[in-house]
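The values are calculated or read from the model by the stated rules, or taken from the named source; none is laboratory data. All of these numbers come straight from a predicted model, not from anything done at the bench. For neighbour counting, all protein chains shown are included, and Cβ atoms are generated from backbone atoms with ideal geometry for every residue, glycine included. Protein only, heavy atoms only, side chains kept; ligands, DNA and RNA dropped before computing areas. Shrake-Rupley method; radii C 1.70, N 1.55, O 1.52, S 1.80 Å.
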Amino acid sequence: MKSLKNITLVAVLLLCFLVGSNHVQALTISPVTIEVTGDPGQTLHGELEMLNEQAGDKTFFSSFENFEPSGDTGSPKFIGGSNGLATWLGTETSVLLATKKKKKVPFTITIPNDAEPGGYFAAIFWGEQDPKIEAAGEVAIGGKLGVLILLRVSGDIPEAAGIKDFALIGSRLQTDLPVAFQYRFANSGGDRVVPLGDITIKNMFGGTAATVSANINEGSVLPNSTRKFEPVWDSQAGATTTASFFGTVKSQLSDFHFGFYKANLAVIYGATNQTVNDSLWFLLVPWQLLSVVLIAVIVLIVLLKRYNAWIISKSKKSS
């Protein structure tokens, strides 16, 4: 049996480029994502803030890894640090933090003179395990978390992207809100792009029923990849659909929609704000509510007829 290799538990939170703080067990690092632009031959400077939330002094060790997109979810896949941006990064080898103490840690990005224009992506990792021990082949159990570095090297960077497909999640026949959409955005350019825009939903009379953000979290699409986005047209009345029949009826009544609708997707991307569009039709039929209304109308008609017959019968008896 082959000897055990390094065992490392890697936890990286908010890796879809959301803004916030990165927190795993004893350590908090902020910001989660750093976006920078530089020229070939330039050295960029920045800093991170680290907080030790665990009792006792702790030493954290740095390491670097490049990443690329993994599937169409926007999550990064780390691919090692033997070349590219991971080799351009520099920071302190280790940081000692006392309990509940913060420290600002500087880092640098030294861009080579011959670096090609475009996007480069890596992470600065911090963990309690010394990378030298891991490199020696010893068993290493520990956690580490990273800060994503998104570098744009200036120059003539080609931009080419577009909507690959646009569809509903589920059937084109919907009964109530929320209505979930899905579109995939493909980027074949030289740098990451952030598609921004809206889905404008028009009813069958041409009026605007709703406007939904196409990328509410401003997620990035890395070069030579496709990312899936799932915007949702949700209830504006605060209604929530329950599993029960009458719960659904209540939801449909509080935020009523009926008929054919057209969803127009329009997003812009890139430094020159290029625009791409797509659209689809779907049908909203709140049959649960309509069936209750129909039954109520039928009952009312029957009662009115009986009441009318009773009035006529009483009138005849009076005569």
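To the nearest 0.05, how large is the calculated FRET efficiency for Arg172 and Lys316 if R₀ is 51 Å and r is the Cβ-Cβ distance?
Numbers: r = 56 Å, r/R0 = 1.10.
That gives a FRET efficiency of 0.35.
Computed over protein heavy atoms with a 1.4 Å probe, the carbon and sulfur contribution to the accessible area of the chain reaches 56%.
Over the chain, what is the mean sequence separation of C-alpha contacts under 8 Å (at least six apart), divided by residue count, expressed as relative contact order in percent? Before the final figure, lay out each step's value.
On the way: 723 pairs, mean separation 51.3, N = 319.
Answer for the chain is 16 percent.
Annotation for Thr99 and Lys305: the two label points, set 7 Å from Cα along the Cα-Cβ direction, are 8.3 nm apart. Rolling a 1.4 Å probe across all protein chains gives Val285 an accessible area of roughly 40 Å².
From the square roots a ≥ b ≥ c of the eigenvalues of the alpha-carbon gyration tensor of segment 227-319, which class results: rounded (a/c under 1.5), prolate (a/b over b/c), or oblate? Let's see the in-between values first.
Values: a/c = 5.51, a/b = 3.41, b/c = 1.61.
It comes out prolate by the Cα gyration axes.
Between helix 245-254 and the chain there is an angle of about 90 degrees, using the helix long axis and the longest principal axis of the Cα atoms.
When you count the other C-beta atoms within 10 angstrom of each residue and take the mean per peptide, 111-118, 304-311 line up highest first as 111-118, 304-311.
The Ser30 and Ile268 beta-carbon pair, evaluated with R₀ = 30 Å, returns a calculated FRET efficiency of approximately 0.55. Stretching the chain fully between Lys228 and Thr87 yields a gain of 47.7 nm (0.36 nm per residue, less the alpha carbon separation). The aspartates and glutamates within cross-link reach of Lys102, meaning a Cα-to-Cα straight distance under 18 Å and a gap of 8 or more places when in the same chain, are Glu47, Glu49, Glu53, Asp57, Glu92, Glu128. Label separation (Phe205 vs Asn113): 7.0 nm, computed from points 7 Å beyond Cα along the C-beta direction. Across segment 164-319, the convex hull enclosing all Cα atoms gives 132 Å³ per residue. Can you compute the modelled spin-label distance between Ser75 and Asn217, with each label point 7 Å from Cα toward Cβ, in nm? Modelled inter-label distance: 1.1 nm.
Cα convex hull of the chain: mean projected area in nm², to one decimal?
On the way: hull surface 107.9 nm².
That works out to 27.0 nm², a quarter of the Cα hull's surface.
Hey, with R₀ at 25 Å, roughly what FRET efficiency would Thr275 and Gln42 work out to, going by the Cβ-Cβ distance, to 0.05? List each step's numbers first, then the result.
On the way: r = 32 Å, r/R0 = 1.29.
Efficiency, rounded to the nearest 0.05: 0.20.
Keeping every protein chain present and rolling a 1.4 Å probe, give me the accessible area per residue for the chain in Å². Could the numbers behind the result be given before it?
Values: 17420 Å² over 319 residues.
Per residue, the chain has an accessible area of 55 Å².
How large is the convex hull of the Cα atoms of segment 171-217 per residue, expressed in Å³ as a whole number?
Working: hull volume 5.2 nm³, N = 47.
Value for segment 171-217: 111 Å³ per residue.
For Leu294, the solvent-accessible surface with a 1.4 Å probe is about 100 Å², rounded to the nearest 10.
For Trp233, Trp88, Trp281, write out the residues from largest to smallest accessible area, computed with a 1.4 angstrom probe and no ligands counted. Walk me through the numbers before you get to the answer.
Numbers: Trp233 5, Trp88 35, Trp281 130 Å².
Of Trp233, Trp88, Trp281, the descending order of accessible area is Trp281, Trp88, Trp233.
Candidate cross-link partners of Lys100 among the lysines, defined by an alpha-carbon separation under 24 Å and a same-chain spacing of 8 or more, comprise Lys58, Lys144.
Once all protein chains are placed together, Ser154 keeps about 40 Å² accessible to a 1.4 angstrom probe.
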